[in-house]
Amino acid sequence: MIDIHCHILPGIDDGAKTALDTLTMLKSAVDEGITTIAVSPHHNPQYNNERPLILEKVAEVQQIVRENQLPIEILPGQEVRIYGDLLQDYAAGKLVTSSDRSHYMLIEFPSNHVPKYATQLFYDMNLNGLQPILVHPERNAGIIENPDLLYEFVEQGVLSQITASSITGHFGKKIQKLSFQIIENDLTHFVASDAHNVTSRAFKMREAFEIITDQYGFSTAQMFRENGQAVIADRTIYPNSPSKIKTKKFFGLF
Ligand code: FE
């Protein structure tokens, strides 16, 4: 199983602080059945991690993996907070796509709203050969309030990624329910851990996939696993057509 969203690089964001934390997370990932992690350190105003540093840190973690003979592959990647100069900075070599050899890029919104310029930027990313993957839409206040915004992005060709621990209920019942509605309406294409540690923000991938298999069957779980593989292999994904979440007016969500 591939995990395309994980804060496992030591000391560069709010994930693993030290190499020991990284090792602890690596062991947990192996226990969860994860065979490949495309790492995703933050690139945002607080943690401005750029490509050269990320590649250096990935090499460091690959060394930890070898020294400990762990059966897991570590690939580069980045979680990019959406911003106006994204394409210029990508052209300047500051940003990293998922695995650094694909055209998929993890894009995060600020948690409290959906930026107005996102539609245009996603369009421009596509023109520049990049496929945006919107991470954890189920945890964005703007999308929670108006899930049709997610439908419009997916209609536009944006892919999305749900967090495993949203499915398991770690972020509360509302976010769990919205996550299920997002899955049921073909509004998401990936399940990833967004793990930051092994305690408060753990992997939860095995548990999430058990829930998905229980509720939606093997084929849905398999679709999510195969899409993860497609990202790191840079294969095209052909998603189902999305539908809108039917809410009983505004309050239906809650
Ligand atoms: Fe993240």
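Laboratory data are not the source of any read-out in this text; all were calculated from the coordinates shown. None of these values were measured; they are calculated from a predicted model. Glycine also receives a Cβ, built like all others from the backbone with ideal geometry; neighbour counts cover every protein chain displayed.
Given the DSSP H assignment, sum -39500 (n - 2.57) over each helix run of at least 4 residues in the chain and divide by its residue total; what's the result at 222 nm in deg cm²/dmol, nearest 500? For the chain, the value works out to -12000 deg cm²/dmol. Computed with the Debye formula from one identical point scatterer per Cα of segment 18-159, without solvent, the log10 of I(q)/I(0) at q = 0.11, 0.16 Å⁻¹ comes to -0.46, -0.89. A Förster distance of 45 Å, applied to the separation of the beta-carbon atoms of T119 and D31, puts the FRET efficiency at 0.65. Spin-label model, Q63 to F218: label points 7 Å out along the Cα-to-beta-carbon direction sit 4.3 nm apart. The amide H of E73, built 1.01 Å from its N in the peptide plane, has T36, I37 as neighbours under 5 Å, considering only residues 5 or more places off or on other chains. Summing charges over neighbours of I82, with a neighbour being any other residue whose Cβ is under 14 Å away from its Cβ, gives -3 when K and R count +1 and D and E count -1.
Taking amide hydrogens as placed 1.01 Å from N in the peptide plane, the amide H of H42 sits under 5 Å from those of D14, E79, each at least 5 positions away in sequence or on another chain.
Result for the chain in a Gaussian network model with C-alpha springs under 10 Å: among G157, G142, G217, the largest mean-square fluctuation is at G217. Note on segment 2-233: dipole from Cβ charges, positive end direction compared against A92, G33, G77; the farthest Cα belongs to G33.
Find the relative contact order for segment 2-233 and round it to a whole percent, using C-alpha pairs within less than 8 Å whose residues are 6+ positions apart. Before the final figure, lay out each step's value.
Values: 429 pairs, mean separation 46.0, N = 232.
For segment 2-233, the relative contact order is 20 percent.
For segment 1-69 and segment 114-158, what is the separation of their Cα centres, given in Å? Here the answer is 26 Å between Cα centres. A simple spin-label model places the labels of E184 and Q88 4.5 nm from each other, with each point 7 Å out along Cα-to-Cβ. Of all the options A202, A91, A233, the one that moves most in a Gaussian network model of the chain with Cα springs shorter than 10 angstrom is A91.
Please give the peptides 18-31, 73-86 ranked by average Cβ packing (other Cβ atoms within 10 Å per residue), highest first, as a rough proxy for protection. Please report the intermediate quantities before stating the final value.
Values: 18-31: 17.4, 73-86: 19.9.
Sorting 18-31, 73-86 by mean packing, highest first, produces 73-86, 18-31.
Between F109, A141, Q63, the Cα set farthest toward the positive side of the dipole of the chain (charges on each charged residue's Cβ, about the Cα centre) is that of A141.
Basic side chains Lys and Arg get +1 at the Cβ, acidic Asp and Glu get -1 at the Cβ, and with that the dipole of the chain about its Cα centre reaches some 560 debye. Taken over the chain, the percentage of Cα pairs per 5 Å bin, counting from 0 up to the bin with the maximum distance, is 1, 6, 14, 19, 21, 18, 12, 6, 2, 0, 0, 0. Once you've got the GNM for the chain with C-alpha springs shorter than 10 Å, pick whichever of K116, K174, K244 has the biggest mean-square fluctuation. Largest GNM mean-square fluctuation: K116.
Residues whose amide H comes within less than 5 Å of that of L106, counting only those at least five positions distant or on another chain, are Q78, V80, S98, I133 (H built at 1.01 Å from N in the peptide plane).
Note on L127 and L20: with the Förster distance fixed at 35 Å, the Cβ-Cβ geometry gives a FRET efficiency of about 0.20. The ranking of L150, L53 from fewest to most other beta carbons within 10 Å of each one's beta carbon is L53, L150. Here the Karplus curve 6.51 cos²θ - 1.76 cosθ + 1.60, taken at θ = phi - 60°, turns the phi angles of segment 34-45 into couplings of 7, 10, 9, 10, 8, 5, 8, x, 5, 10, 8, x Hz, with x standing for Gly and Pro.
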